[in-house]
Amino acid sequence: MTLTISPIPAFNDNYIWALQNEDGQVFIVDPGDAAPVKAWLSKHQLNLAGILITHHHADHTGGIDGLLAMAQVPVYGPAGSQIRQITNTLKEGDQVTLFNHVFDIMETPGHTLDHIVYFYPGSAINAGRTPLLFCGDTLFAGGCGRIFEGDPQMMYTSLQRLAALPAATRVYCAHEYTLANLAFAASAEPDNAVLAERQVAERRKRDQYLPTLPSTILLEQRTNPFLRCHSPGLQATLQQRLAQKLGTGVELFTALRRLKDHA
């Protein structure tokens, strides 16, 4: 059964992702606002089948009640979370079947302590089934989420786990932050030619009012500085910029995240 994935814009820069099957049933990921989801479902004459939540922030959960008022559907989300509407709690190693796609649950603390992501590993039987990742605010196109509840080691470890997913994995994050993220990335790694090419390509999309998402793990590995804390070029640039010696790995990540927080 084919799975169609569509972005529903919300607020200034959120994407609420809709996963639709051929029978007109839809799972919604991180509905911060019910109104655009209701309008989208009505426009396309589709039915709500369930809700998936990655973490507790209001811009990812604020629309749950409004959608449940329309249809009593299961709400999947992180175990131990403060989200009262969750009916099906999920933790590391659990699986969720969305139509005929089985998603693995990974805990990725850092942005928040309860953050989880939904990963579909694809199918060796059907080559058309590409790996999919719904990663909320852990990994962004060209960036990563702020560390609100975790610590740098925690966030670094979570990002390294996502970076190790198959290169072809399509990355569906929750915000259109790409151009700003890439501008910061270019300042941190100015000699990255792939990054420079990506900036041009993504700017062209935004000029046409198109989403820059989904990205891929391979593209993030090549252009996202928060996944490139092993890069000697990035290390050299930050050492010069900060006038201090930095190791690679979590030490470089910590310095990079601090710079981005104040950019």
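Given charges of +1 on the Cβ of Lys and Arg and -1 on the Cβ of Asp and Glu, with all other atoms neutral, how large is the dipole of the chain about its Cα centre, in debye to the nearest 20?
Working: 20 positive and 24 negative charges, 115 e Å.
That gives the chain a dipole magnitude of about 560 debye.
Lysines near Lys260 by alpha-carbon distance under 19 Å, same-chain residues fewer than 8 away left out - which ones?
Lys245
Over the chain, what lengths in whole Å, largest first, do the semi-axes of the equivalent ellipsoid take, defined as the square roots of 5 times the eigenvalues of the alpha-carbon gyration tensor?
Details: eigenvalues 202, 75, 60 Å².
Equivalent ellipsoid of the chain: 32, 19, 17 Å, largest first.
Checking the a/c ratio against 1.5 first, then a/b against b/c, what shape does the Cα gyration tensor give for the stretch 1-100? Don't skip to the end; give the middle numbers.
Values: a/c = 1.63, a/b = 1.16, b/c = 1.41.
It is oblate, given that a/c is not under 1.5 and a/b is not larger than b/c.
Taking amide H positions as placed in the peptide plane 1.01 Å from N, state which residues far from Leu90 in sequence (5 or more) or on other chains have amide H under 5 Å from it.
Amide H neighbours of Leu90: Gly77, Ala79.
How far apart, in nm, are two points set 7 Å out from the Cα along the Cα-to-Cβ line at Ala35 and at Asn12?
Between Ala35 and Asn12, the label points sit 1.7 nm apart.
For the stretch 1-37, run through the chymotrypsin sites (Phe, Trp or Tyr not before Pro) and keep only the ones in DSSP coil with at most 13 other Cβ atoms within 10 Å of their Cβ. If you can, show how the numbers build up before the last one.
On the way: sites: Phe11, Tyr15, Trp17, Phe27; in loops: Phe11.
Qualifying residues, ordered by number: Phe11.
Taking the Cα centroid of the stretch 1-74 and of the stretch 213-263, what is the distance between the two, rounded to the nearest whole Å?
Their Cα centres are 33 Å away from one another.
Between His44 and Asp94, what is the label-point separation in nm under the 7 Å Cα-to-beta-carbon projection?
For Asp94 paired with His44, the spin-label model returns 2.6 nm.
Can you tell me which of Tyr209, Tyr118, Tyr156 moves the most in a GNM of the chain? Springs connect C-alpha atoms under 10 Å apart.
Looking only at Tyr209, Tyr118, Tyr156, the biggest GNM fluctuation is shown by Tyr209.
What distance in nm lies between label points placed 7 Å from Cα along the C-beta direction at Lys245 and Thr2?
5.9 nm
Sketch the reach of a paramagnetic label on Arg203 as a point 7 Å from Cα along Cα-to-Cβ, and name the residues of the stretch 223-237 whose backbone nitrogen lies under 14 Å away.
From the stretch 223-237, the list is empty.
Assuming R0 = 22 Å, what is the FRET efficiency of Glu22 and Val102, from their Cβ-Cβ distance, to the nearest 0.05?
Working: r = 18 Å, r/R0 = 0.80.
After rounding, the FRET efficiency stands at 0.80.
With the Cα gyration tensor of the stretch 123-263 giving a ≥ b ≥ c as the square roots of its eigenvalues, does the rule (a/c under 1.5 for rounded; else a/b larger than b/c for prolate; else oblate) give rounded, prolate or oblate?
Values: a/c = 1.74, a/b = 1.37, b/c = 1.27.
Verdict is prolate for the stretch 123-263.
Restrict the search to the stretch 12-113; then list the trypsin sites (Lys or Arg not before Pro) that DSSP places in a loop and that have at most 16 other Cβ atoms within 10 Å of their Cβ. Intermediate values should be presented prior to the final figure.
Numbers: sites: Lys38, Lys43, Arg84, Lys91; in loops: Arg84, Lys91.
Within the stretch 12-113, the qualifying trypsin sites (Lys or Arg not before Pro) (loop, at most 16 other Cβ atoms within 10 Å) are Arg84, Lys91.
Just want to confirm a number: the relative contact order over the chain, from Cα pairs under 8 angstrom separated by 6+ residues, in percent.
On the way: 521 pairs, mean separation 32.8, N = 263.
In percent, rounded to a whole number, it is 12.
With springs only between Cα atoms under 10 Å apart, run a GNM on the chain and tell me which of Asp33, Asp23, Asp137 wobbles the most.
Asp23
With a sphere of radius 9 Å drawn around the Cβ of Thr112, what net charge do the other residues whose Cβ falls strictly inside it have (Lys, Arg +1; Asp, Glu -1)? Before the final figure, lay out each step's value.
Working: positive: none; negative: Asp114, Asp137, Glu149.
My count for the surroundings of Thr112 gives -3.
We did not get these values from a lab; they are worked out from the coordinates using the rules stated. Keep in mind that what you see is a predicted model, and the values were worked out from it rather than measured. Ideal geometry is used to build each Cβ from the backbone, glycine not excepted, and the neighbour counts take in all protein chains shown.
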